[in-house]
Amino acid sequence: MTTAPTPPRSVTVRVPAKINLELRVGPRRADGYHDLATVFQAVSLYDEVSVARCDDWQVIPAGAYADQIPADESNLALRAARLMAARFHVDEALSVRIDKDIPVSGGLAGGSADAAATLVACDQLWGLGLDREDLVRLGAELGNDVPFPLMGGTAIGTGRGEQLAPALARGGVRWVLAISDIGLSTPAVYAECDRLRLDADADGSPQVPAPQVSAELMAALRAGDAKQLGAALTNDLEPAAFVLRPELRELRDAGVEFGALGGIVSGSGPTVAFLTDSHEAALDLSVSLAASDLCRDIRRAKGPVHGAHVVPGLRPD
Ligand code: C5P
């Protein structure tokens with residue numbers, strides 16, 4: 001006689017941060033959003049999300065940035081868990097523990113990563129047997145940046161960033177992430193981008209082309225050529241971020257002067273990501289940036305890495 005396997009008491013999922021190697025922003029749409037063409041890369045900066053059965057729904061913040069995690073219903077990971085329960089008719093509450101090592105509100109999609117990890121964890125805890133495509137569809141209901149951490153690696157995102165296709169990328173690179181503590185609101189950065197385009201256009205009706213990722217960046221990724229990749233990093237939101245927070249331009253310029261192969265505001269900022277081609281170069285750059293006093297914190301990460309994955313063992317609490 002075979003017995004059914006005992007369901008796990010808790011499931012822990014490790015999920016990476018992302019950087020946008022290229023972010024092309026199309027015209028503002030009627031719904032207020034912008035069509036995007038972007039290249040995401042998952043980098044080795046991780047949050048860990050654990051779900052466990054519980055009497056009541058709750059978020060347990062933990063880790064380096066615990067004090068910045070919302071513990072109420074606005075938490076996207078909690079919303080992800082509730083979505084899974086509702087969609088698959090599971091009548092159980094969960095506690096969602098978020099061990100946070102990805103800086104919050106940094107343009108690294110940490111909140112979306114936690115939601116993605118929660119989808120994977122719930123699938124495993126409840127034995128739902130969903131595949132990645134199912135999870136990606138559920139992720140897109142929660143937010144535009146939620147599908148990518150499920151996939152990881154390097155990928156092209158279109159639509160609002162949620163429609164993904166893997167990108168051919170050879171080799172790996174080393175990133176130095178300069179974490180700034182200045183706040184930068186995503187809607188404000190998009191609005192400033194629209195305003196700059198209006199200003200730049202003589203008759204006040206800018207013809208913004210449909211967004212497309214560049215051939216140069218794709219070629220650099222295929223070739224695994226870090227120098228070429230550094231030169232091809234592009235973010236259409238960067239001029240807007242620089243207008244709103246001029247100190248970010250100073251930071252980007254300093255990193256490039258200190259020897260980075262390229263530097264770019266990640267997403268809508270304020271993190272600035274610098275590309276290097278070796279561990280030693282990344283270390284040197286980190287030391288120079290730290291001495292410059294232009295940022296609050298510096299993190300080093302490798303890219304690309306795998307997407308959200310279950311880690312063995314029970315959660316510590
Ligand atoms: O994706 P999320 O809801 O976090 O975006 C926050 C805001 O950023 C949106 O309300 C919108 O103003 C702007 N945005 C946009 N186009 C996108 C993504 C975000 O205009 N593709």
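Of the DSSP H helices in the chain, those with a Cα length along their own long axis of 18 Å or more and a mean Kyte-Doolittle hydropathy reaching -0.5 comprise 110-125, 186-200, 279-292. In terms of Cα atoms, the Rg and Dmax of segment 177-268 work out to 14.9, 42 Å. Which of 298, 19, 102 moves most in a GNM of the chain, Cα contacts under 10 Å? Of the options given, 298 has the highest mean-square fluctuation. When the Gaussian network model of the chain links Cα atoms closer than 10 Å, the mean-square fluctuations of 299, 160, 87 top out at 87.
For segment 249-317, the Cα gyration tensor yields ellipsoid semi-axes of 28, 14, 13 Å (square root of five times each eigenvalue, largest first, whole Å).
How big is the Rg/Rh ratio for the chain, C-alpha atoms only, Rh by Kirkwood, two decimals? Each step should come with its number before you reach the end.
Numbers: Rg = 20.0 Å, Rh = 20.2 Å.
That ratio is 0.99, to two decimals.
Rg over Rh of segment 1-128, using C-alpha atoms and the Kirkwood radius, what does it come to?
Values: Rg = 16.7 Å, Rh = 15.9 Å.
Rg/Rh for segment 1-128 comes to 1.05.
Between segment 166-219 and segment 7-85, how far is it from one alpha carbon centroid to the other, in angstrom? Cα centres, segment 166-219 to segment 7-85: 21 Å. For the chain, the 222 nm mean residue ellipticity estimated from helices alone, with every DSSP H stretch of n ≥ 4 adding -39500 (n - 2.57) and the total spread over all residues, rounds to -10500 deg cm²/dmol.
Read-outs: derived from the displayed coordinates by stated rules, not from any lab. None of these values were measured; they are calculated from a predicted model.
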